[in-house]
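Okay, structure first, notes after.
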Amino acid sequence: MKKKWFIGLIVISMVLVLAGCGNSGNNASGETSVLEGGAGEDATALSYWTFVELHGQHFEKMLTKWNEANPDRQIKLNVSVMPYDDMHNKLSIAVQTGVGAPDIADIELGKFPDFLSGTPQLEPLNDVIDPYRDTVVQSRIDLYSKDGNNYGIPTHVGASVAFYNTEILEAAGVNYEDIVTWEDFKKAGIQVYEKTGKYMGTADTSATWQSSMMLAQQGADFTDEAGNPIINSPELIKGLTILKDLQDNNVISTIAGGQPDTEEAYGEFNAGNYATAFMPLWEMSRYTNYMADLSGKIAIAPIPVIEKGMPSSVGGGGTGTVVTKTAKDVQLAKDYLAFAKLSLDANIEIWNTLGFDPVNMDVWNMKDVTHNPENQFVKYFVNNPFDVLNTIKDQIQLVKSTSASPTINNVLCTITLNEIFEDGKDITEALNDAQAQIEQELK
Amino acid sequence: MIKKFLYSQKVAPYVFVLPFIIIFVVFWVYPLANSFEMSFQKVTLGQEADWVGVDNYTKLMGDSIFLKSVYNSAIYMILTLIVLIPFPMLFAVLINNKFMWGRGFFKSTFFFPALTSVVVAGTIFRLMFGEMEGSMINNILGFFGVEPMKFLKGQVTGYIALLSLATWRWTGVNMLYFLSGLKNIPDEYYEAASIDGASAFQKFTRITMPLLKPTTIYVLTISIYAGLSMFIESMMLWNGNNSPKNIGLTIVGYLYRQGIEKNNLGYAAAVGIVLLVITMVINLTQLSFSGMFKKED
C-alpha cells in the first residue's frame, strides 16, 4: 500500500515537472499568434518574427487597413515574438541555411550589419521605398543599406532626450528647464543628492546610449569615414571623463541591469532611486508599459550639452524590418511592409500605438495627432514630447552602423564601460585596450 | 541462406552493435570531420567557404577573450571537481548507512534539482543573486549588517553564484553514482574490519574509498567534460552570453558567440576543435594516471 502511494506521488510530481518544462519551453521559443485583420479565405499567410511585442500590435492595425484596401491581395500574419538574442540567432541560422526563415522579420540596428555581411540573404526594398523617399528621413533608411541597396525599413528616428522625474527634482528644489550644459546638470545633481540622497542619473555599463550622445555632441563617431573603429578618440575620452566626473560627485551611479532599458532598471526608476534617464524617445513606451507608478511625473527635455550651441541629440537604436530571400510571396511582403511602415497613415499609427517619433517628419507638426489628449503618451508625460522634439529637430546626429559596430558594441558593453564605471579603471587606458581588442577581433 | 547469415555467430555481434556504430558515425564522426574542415575555412553568410589555412588557429592563440574563456572554464571545472566529488561521496556514504533515518527522503531531495530545467534554475539564481537590496542573498546579508553586493559583476562573487548553482544541481546526481558504487561493496569486508577493530574512518579510507575507485574515476571523467563544456548555466545566470568583463564566458559560450551571434562559423569551429583537444588531453592523462588503460589481471 505504502508503495502505491509513493508511486502515485512520483507520477504526480513527474507530471508537474514535465508540465513545467513544457511551459518554459514555450516561453523560450516565443509566442505565436495569428493576426487575421479581416482577411478572407484566400488570404496569403505571411510569417513575421519580432523581439518587441508592441510591434505586432502596430502591424495588426495596419493589416486591417491593408486587407480593406486590397481585397484581392489579402494577408494573414503569423506573428512570433521571441526574446532579443534568441530571435536574432534563430533568424541568422535560418537565413544562412535557407531553411525556416520567416517572410518578414525585425532586425535590430546593432545586429543588422551581421546580416549584411557577404551577400545579404535579404530582399532589396528600393522599389517599394522609392515612393516615400521624399517624405521620410533618408539617414534612417541608409542605416539598413549596403552598396546602394536598402534592405530594411525603419520604424522611428529615435531622437535621444532626457526624461526627468519632476517629483524628485522638486523635492530638491531643482528646475529641469534650467539645465542646459553638463555643468548645470552636475550642479543640479549635487543638490539632488545632498537634499534627497537619490542619484540624478545613471552611469550606463551595458549600453552605449550615453557614449553615442557624447560623441554626437562633438560631431564624432565610433568609426572613421572608412568604417574602421576609433574607440580611443579624444572625443570619447572627453565624453566619458565628463560622465566619470559626474559619478565621482554622486550625480550619476551605475544601475542594476546596467542601463535604463532593462527590467531591473524599470524597478529602480519606479522606486524613485534615479531622477533621470538619457534615452532615445522610444523609452516612452517603457514608461507607459513598465513604470506606471511614474505617470504624471516624468518630463521630457533636451539632453545637456558639453558647451552651449552643440547639437544635443542623436538617433538611438532602431529596427529595420526586412523581407527574406525565401519569402513565400516577395512582392506582396514588400508592398505590405512599405504600406505598414512608410505611408503617412502608418507613421501616424506608429506614434499612436508605439509612441515612437515617426520617420515621416511631417507628422511631427500635425498638432491634432501629436497633441491628441486621448493619446496614452500625451496623458502620461508632464509635457508634450513633440514640443521638445521640434526644438531639437535639426540637431539629431547620426552614429554610423558599420560592419565593425557589433564588435565595438560588444567590447564596450561587456568590458570597457564596466571597467570604467564599476572598477574605476583609467579612461584612456580602458579605451586603448578596447581599441586593441576590437582590432584583434576584426582581423 | 538469409537464416544462416542471421544465425551466424560471427555476424550477430556486428548486427547488435550496428545501431550504435551508425549513430556514432552520423552524429559524431561526420560532424566532427565537418567542423575540422570548417576550422580551416572562412564561412560567410550565403557565400562559398574560403580556405584560409591555419589563420583561425593563429588568431585564436592571440585572442585574449578566448584565453579568458579557457581560463574561466578551467577554473569552473576545477572548482566543481573540488566540490562535486568529495561532498556527494560523503553524502552517499551517510545515506547508505543502515542507521541513517529518512534515507529515501534525502535521496529524492538531493536528486530533485537535477530534474529542474537549467533555464528555470538559472533564472531563479539570477534573481537570488541580483544586485538590488531586495534580492534574496542581499536581503540575508543585510540581516547580518553586510552592504548589498553586486554578485554578478565581480569575478569571485560571480563564481560563487555559478558554483552554488552547479552544486545545487549536480550534488544529487553524483551522489547517486556513488550510492550505486557503494552497493557493490560486500558487507563482509566491513564486518571483517569491525572484528579486527577498525574505526569508522579507517573503514572509509581502507575499504570504501579504494573500492569506489572505478566510480570515482567515472564521475571525475564526466565532471571534467561537463565542467569544460558548461554553457547554459552561465548563459541563464547572466541573462545572455555577455557577462560584465566576460567573467562568465565559457569556451562553449565563446563558440556560440562567434558561430551563432557573429556568424563566424569557421572561427567557431576552430574553438570547438581546441575544446575537444583540451578535454581529450586532460581526460586521457587522468585516465592513464589512474590506471584505467592497464590490462586487468
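The values are calculated or read from the model by the stated rules, or taken from the named source; none is laboratory data. Owing to the predicted nature of the structure, the values given are computational and were not obtained by experimental measurement. Note: ideal-geometry Cβ built from the backbone for every residue, glycine included; neighbour counts use all protein chains shown. Please note that ligands, DNA and RNA were not included when accessible areas were found on the heavy atoms of the full protein model with its side chains. Shrake-Rupley method; radii C 1.70, N 1.55, O 1.52, S 1.80 Å.
Annotations
- For the range A:327-353 versus the range B:3-48, the spacing of their alpha-carbon centroids is 48 Å.
- Neighbourhood charge, 14 Å Cβ-Cβ cut-off, centred on B:Met38 and excluding it, Lys, Arg +1 and Asp, Glu -1: -3
- Average other protein chain Cβ within 10 Å of Cβ, residues A:95-101: 2
- Considering only B:Ile23, B:Leu127, B:Leu255, and ranking their Cα positions along the charge dipole of the protein assembly as shown that arises from unit charges at the beta-carbon of Lys, Arg, Asp and Glu, the one farthest toward the positive end is B:Ile23.
- Peptide B:239-247, shielding by other chains (average Cβ, 10 Å cutoff): 6
- The protein assembly as shown, accessible surface, carbon-and-sulfur percent (1.4 angstrom probe): 61 percent
- Lys, Arg +1 and Asp, Glu -1 on Cβ, resulting dipole of the range A:149-230 about Cα centre, debye, nearest 20: 220 debye
- Only protein heavy atoms count here, probed at 1.4 Å, and on that basis chains A and B bury about 2800 Å² of accessible area in total.
- By the helix-only formula, in which each DSSP H run with n ≥ 4 contributes -39500 (n - 2.57) and the sum is divided by residues, the protein assembly as shown has a 222 nm mean residue ellipticity of -16000 deg cm²/dmol.
- Neighbour-limited loop hits for chymotrypsin sites (Phe, Trp or Tyr not before Pro), the range B:141-181 (at most 15 other Cβ within 10 Å; DSSP other than H, G, I, E, B): B:Phe144
- Those residues of the range A:64-94 for which accessible area with every protein chain present is at least 20 Å² below the isolated value (1.4 Å probe): A:Asp85, A:Asn89, A:Ser92, A:Ile93
- Cross-link reach list, lysines versus B:Lys183, counting only Cα pairs under 29 Å and skipping chain neighbours closer than eight places: A:Lys2, A:Lys3, A:Lys4, B:Lys98, B:Lys107, B:Lys203, B:Lys213, B:Lys294, B:Lys295
- Three-way shape call for chain A based on the alpha-carbon gyration tensor, with the a/c threshold at 1.5: rounded
- Over 25 Å between alpha carbons, listed pairs A:Lys187/A:Lys244; A:Lys76/A:Lys341; B:Lys68/B:Lys150; A:Lys297/B:Lys245; A:Lys393/B:Lys262; A:Lys400/B:Lys262: A:Lys297/B:Lys245; A:Lys393/B:Lys262
- Annotation: peptides A:277-289, B:218-230, ranked by per-residue average of other Cβ atoms within 10 Å with the highest first, follow the order A:277-289, B:218-230.
- Database remark: amide H of A:Tyr151 closer than 5 angstrom to the amide H of A:Leu125, A:Ser145, A:Lys146 (H placed geometrically; neighbours at sequence offset of 5 or more, or on other chains; Pro and chain starts carry no H).
- Per DSSP, loop trypsin sites (Lys or Arg not before Pro) in the range B:204-297 with at most 15 further Cβ within 10 Å: B:Lys294, B:Lys295
- FRET efficiency for the pair B:Val156 and B:Thr109, taken as 1/(1 + (r/R0)^6) with r the Cβ-Cβ distance and R0 = 25 Å, rounds to 0.30.
- Normalised per residue, the accessible area of the protein assembly as shown is 47 Å², obtained with a 1.4 Å probe and no contribution from ligands, DNA or RNA.
- Contact order for the range B:12-129, expressed relative to its length and based on alpha carbon pairs under 8 Å spaced 6+ residues apart, stands at 9 percent.
- Look at where the Cα atoms of the range B:190-240 and of the range A:69-91 average out, and the two centres are 51 Å apart.
- Counting only Cβ charges, +1 for Lys and Arg and -1 for Asp and Glu, the dipole size of the range B:87-240 around its Cα centre is about 180 debye.
- Extents of the range A:144-219, largest first, come to 55, 25, 23 Å (Cα atoms, principal axes, whole angstrom).
- Förster-model FRET efficiency, 25 Å R0, B:Trp51 and A:Glu439, C-beta, rounded to 0.05: 0.55
- Spin-label pair A:Ala292-A:Thr32: with each label point 7 Å from Cα along the Cα-Cβ axis, the two points sit 3.1 nm from one another.
- Share antiparallel - DSSP beta bridges, chain A, percent rounded to 5: 65 percent
- Inter-label distance, nm, simple model (7 Å from Cα along the C-beta direction), A:Leu398/A:Glu41: 4.9 nm
- Counting 0.36 nm for each residue step from B:Phe87 to B:Val29 and taking away their Cα separation leaves a gain of 17.3 nm.
- Hull shadow area, averaged, the range B:99-173 [alpha-carbon convex hull, nm²]: 6.5 nm²
- Angstrom value of the Kirkwood radius, inverse mean 1/r, which spans all Cα pairs in the protein assembly as shown: 29.2 Å
- Mean per-residue shielding of peptide B:253-262 is 3, counting Cβ atoms of other chains within 10 Å of each Cβ.
- Between the range B:267-297 and the range A:122-194, the alpha-carbon center distance in angstrom: 54 Å
- Neighbour net charge for A:Lys198 - beta-carbon separation under 11 angstrom, K R +1, D E -1: -2
- Distance between modelled label sites at B:Met292 and B:Leu141, nm, 7 Å Cα→Cβ extension: 3.9 nm
- Global geometry of chain B, whether rounded, prolate or oblate, following the gyration tensor of its Cα atoms and the 1.5 cut on a/c: oblate
- Entries of A:Lys111/B:Lys153; A:Lys325/B:Lys59; A:Lys90/A:Lys146; A:Lys146/B:Lys42; A:Lys195/A:Lys367; A:Lys186/A:Lys443 with Cα pairs more than 29 Å apart: A:Lys325/B:Lys59; A:Lys195/A:Lys367; A:Lys186/A:Lys443
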